[in-house]
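In what follows, a structure is listed as structure tokens, so that the remarks can point back to it.
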There are 2 protein chains.
Amino acid sequence: MSAGSEEDFTVTPWEVEGEVDYDRLIQEFGVQEIDQGIIERFGEPLHLYLKRRYFFSHRDLDRILDEYHQGRKFALATGRGPSGNMTIAHYIPLEFTRWMQERFDADVYIQLTSDEKFYVKQDLSFELAEEYARQNALDIAAVGLDPDKTFIFSNLEFTKIYRPAAKIAKHITFNTAKATFGESVLKNIGWSFFPAVQAAHLLLGNFVDGPTPMLVPMGIDQDSFLKIARDVAPKLGFPKPGAVHSRLLSGLLEIGGKMSASEPETAIFLSDTAEQVREKIWNAFTGGGATKREHRERGGEPDRCVVFQWLYTLFIDDDAEMERRAQSCRLGERFCGLCKEELTEDIIGFLEDHAERKRKAEGEISKYMYDGELARRAWENL
Amino acid sequence: MSAGSEEDFTVTPWEVEGEVDYDRLIQEFGVQEIDQGIIERFGEPLHLYLKRRYFFSHRDLDRILDEYHQGRKFALATGRGPSGNMTIAHYIPLEFTRWMQERFDADVYIQLTSDEKFYVKQDLSFELAEEYARQNALDIAAVGLDPDKTFIFSNLEFTKIYRPAAKIAKHITFNTAKATFGESVLKNIGWSFFPAVQAAHLLLGNFVDGPTPMLVPMGIDQDSFLKIARDVAPKLGFPKPGAVHSRLLSGLLEIGGKMSASEPETAIFLSDTAEQVREKIWNAFTGGGATKREHRERGGEPDRCVVFQWLYTLFIDDDAEMERRAQSCRLGERFCGLCKEELTEDIIGFLEDHAERKRKAEGEISKYMYDGELARRAWENL
């Protein structure tokens, strides 16, 4: 599924090009806006990501929240293609999932797609794919999810995933997989099969506990991956999984488009040092003038500023304060250095906290993966 | 791979049509005859199946036996697509595997392809696919393989098979799978992936114990399934698996062609009652004349007689005795009733023994599947 490809932007799981028009995306993907009516069903206080409509659209969230308020619990699923480095963009859906878990007392299933990475990356060894999964599991545990209500698993280790994947695979023709995942499913038959493994994750609560509404926080660019799980769910007697979609956090070097782990200058990694953060933010694309003089004369463009967007989306909750800053930037009174410094400090503080939480998570990781309440249920019931 | 399809017979994993010319098959499949030179390396006494050249061709058996005699052990792999009923034709490669295990002190890996059956059979439920695997495991255990040197596993239960399958899948393009397994791999993506699961079985000793020569007793019609495992093995640093091929046991109702479990009159099932055996053998196709008179006048054709073939291949070891019978049949002196009676009694005796061994096997099944020496190594090392 690709949106806007005829015009000035493209959003698919493989490609994000141009400045994304999210209103048009909602139309073209056939998803729903997260409007005020739904926001109210979340209750107060709102997570900043929701308040900022960073999570901006959904599938079936209304139905899932309606049922929740009638007493039916749902479970959350989010995943990660493990690699050596996780970025802040990878952290966001996890943090949002943590908040949703707390707010709705939801079980959480986190799939590390070690198998997919192995299939897709020609030079990645099986052993390294597994090692990345172990490393990333620690970063994920550091997010602070409930270790008795969260199951983190890597497909190459939790091979019981083959059982629900087989049940699903029977309902997916090769041509459906190709239509959804693209020509790449031809490259090797691991890839051909993977859509079933992914759908098994998106429906996993159903396999562990019987029919269970599932909700998947994800970047909007990943939406088409939900299609197979939604198509197959009714055939297995399960409710269709819903989704909440986030916008795409701008990479540091241009507004719009995606942060890419393979271009380190565009991204902040959870493992970056303070020094690296300082340098990257210093070089970030801003809405400021090319020179101080130009900035003073013409003013800046906070709406087209990566630094402003990051502060607004990720860190600063105070609307009035953000509005004041935007004004003073537009008037050429506030200079980029100030915003960059603040963002730098916010990120460094966040990364320090994360590193500390990651150290603590080492003692908890086995609960997430093997012997917490949900993990045990998953290993036993599949 | 199909042989002879342009002319008067066809042998593929999906289809056996016409009377098979095994000499031509050897040419067209590019396999080797099991000749006297190889036979001698088996040592005496020979299994009847070898003596009768029921196992008649091979791949790399010479290399594997050479290495064996130089002190390198090999492992055997044979499989079974579990269904409600196993026939005598399913029993043969298992019995031959048992004999090879004893003769060469070889580990044996027996895969129950519950997943494949589930993918392939539209109406087969997951639960029934698993139940068939459990039932068939008992029939297999009854063959008398060494429970500490034999690992019987069902893919939907021993999901660790997904690990070696993933390693293999990375090396198989979808088009290679299609070329080997036919258009059916398009039907669902479980089917698309299955060639990797099967190859994982044919190489399993390598994954459990490090590089290990594997030898696969199989019907010649299944030979093309070996191709993928042979292609991938060197890429993983493993020796190519070899094979010993059997002819196709005639179904009861015509000479040539295959016994089919879906046409019960053509087959003897391991679960058949004495009464059923009597009736089926009574109705079997023979080389005898249409009437007693015709038989007396023109004589019979033992070479085109299912009953004679079964006795010759499966039961009677005495060459001179078989030659005498053939002669007296050709002369119209020996009538079909006598051979049918003998075959009936032989089969009933075999089935009674089997049922008895199956009862005993119930106490051993957990060694084969979970806690025998080889089973434990497989569960631990994968």
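Of everything in region B:28-60, what is free of Cβ contacts under 8 Å to residues at least 12 places away in the same chain and among the acidic types (Asp, Glu)? Give them in sequence order.
Once the filter is applied, which keeps residues that are free of Cβ contacts under 8 Å to residues at least 12 places away in the same chain and among the acidic types (Asp, Glu), region B:28-60 yields B:ASP35, B:GLU40, B:GLU44.
May I ask you to list the residues in region A:94-105 that are in contact with a Gly (Cβ under 9 Å, 6 or more places away or on another chain) and either over 18 Å from A:ARG357 (Cα atoms) or open to solvent by less than 30 Å² (accessible area, probe 1.4 Å) (or both)?
Residues satisfying the conditions are A:GLU95, A:ARG103.
Looking at A:ASP353, A:ASP317 in this structure, which one is charged (D, E, K, R), in a loop (DSSP other than H, G, I, E, B) and open to solvent by 60 Å² or more (accessible area, probe 1.4 Å)?
Sole residue among the options that is charged (D, E, K, R), in a loop (DSSP other than H, G, I, E, B) and open to solvent by 60 Å² or more (accessible area, probe 1.4 Å): A:ASP317.
Do we have A:TYR132 as over 26 Å from A:GLU352 (Cα atoms) and part of a helix (DSSP H, G or I) here?
No, not satisfied.
Could you grab me the full set of residues in region B:141-191 that are on the phi > 0 side of the Ramachandran plot and modelled with pLDDT of 95 or more?
Hit for region B:141-191 is B:GLY144, nothing else.
Residues that are of a type in the set (Lys, Arg), within 10 Å of another protein chain (Cβ to nearest Cβ) and open to solvent by 10 Å² or more (accessible area, probe 1.4 Å), at least 1 per element: which helices (runs of 4 or more DSSP H) completely within region A:157-238 meet that?
In region A:157-238, the matching helices (runs of 4 or more DSSP H) lie at A:162-169, A:174-181.
Kindly evaluate B:ARG334 against the criterion of being surrounded by 19 or more Cβ atoms within 10 Å (Cβ to Cβ) and outside any helix (DSSP H, G or I). Give the derivation first.
Details: surrounded by 19 or more Cβ atoms within 10 Å (Cβ to Cβ): yes; outside any helix (DSSP H, G or I): yes.
Considered against the rule, which asks whether it is surrounded by 19 or more Cβ atoms within 10 Å (Cβ to Cβ) and outside any helix (DSSP H, G or I), B:ARG334 comes out as yes.
Could you grab me the full set of residues in region A:106-129 that are among the acidic types (Asp, Glu) and either in a strand (DSSP E or B) or more than 13 Å from chain B (Cβ to nearest Cβ) (or both)?
A:ASP107
Restricting the search to region A:253-281, which residues are modelled with pLDDT of 95 or more and in contact with a helix residue (DSSP H, G or I) (Cβ under 6 Å, 6 or more places away or on another chain)?
Once the filter is applied, which keeps residues that are modelled with pLDDT of 95 or more and in contact with a helix residue (DSSP H, G or I) (Cβ under 6 Å, 6 or more places away or on another chain), region A:253-281 yields A:ILE268, A:LEU270, A:ALA274, A:VAL277, A:ARG278, A:ILE281.
What number of residues in region B:239-282 are crowded, with 20+ Cβ neighbours inside 10 Å, of a type in the set (D, E, K, R) and free of Cβ contacts under 8 Å to residues at least 60 places away in the same chain?
1
Considering region A:130-156 alone, what residues qualify as being touching a Pro at 6+ places or on another chain (Cβ under 9 Å) and either within 14 Å of another protein chain (Cβ to nearest Cβ) or open to solvent by less than 10 Å² (accessible area, probe 1.4 Å) (or both)? Step through it out loud before you land on a result.
We begin by selecting, within region A:130-156, every residue touching a Pro at 6+ places or on another chain (Cβ under 9 Å); these are A:130-137, A:141, A:154.
Selection gives A:GLU130, A:ALA133, A:ASN136, A:ALA137, A:ALA141, A:SER154.
Show the residue pairs meeting these rules: Cβ distance below 8 Å; 6+ apart or different chains; first residue within region B:329-346 and within 13 Å of B:LYS280 (Cα to Cα) and without any contact (Cβ under 8 Å) to a residue 60 or more places away in the chain; second residue of a type in the set (Ser, Thr, Tyr) and crowded, with 17+ Cβ neighbours inside 10 Å.
Filtered contacts from region B:329-346: B:LYS340/B:THR286.
Would you confirm whether any residue within region B:162-180 is closer than 28 Å to B:LEU270 by Cβ, hydrophobic (A, V, I, L, M, F, W, C), in contact (Cβ under 8 Å) with a residue 40 or more places away in the chain and touching a helix residue (DSSP H, G or I) at 6+ places or on another chain (Cβ under 9 Å)? It would help to see each step written out before you state the result.
Initially, region B:162-180 is screened for residues closer than 28 Å to B:LEU270 by Cβ, giving none.
No, region B:162-180 contains no residue that is closer than 28 Å to B:LEU270 by Cβ, hydrophobic (A, V, I, L, M, F, W, C), in contact (Cβ under 8 Å) with a residue 40 or more places away in the chain and touching a helix residue (DSSP H, G or I) at 6+ places or on another chain (Cβ under 9 Å).
The values are calculated or read from the model by the stated rules, or taken from the named source; none is laboratory data. Being a predicted model, the structure only gives us computed values, none of them experimental. As a convention, Cβ positions derive from the backbone with ideal geometry for all residues, glycine included, and neighbour counts pool all protein chains shown. These area figures cover heavy atoms from the full protein model, side chains too; ligands, DNA and RNA do not enter into them. Shrake-Rupley method; radii C 1.70, N 1.55, O 1.52, S 1.80 Å.
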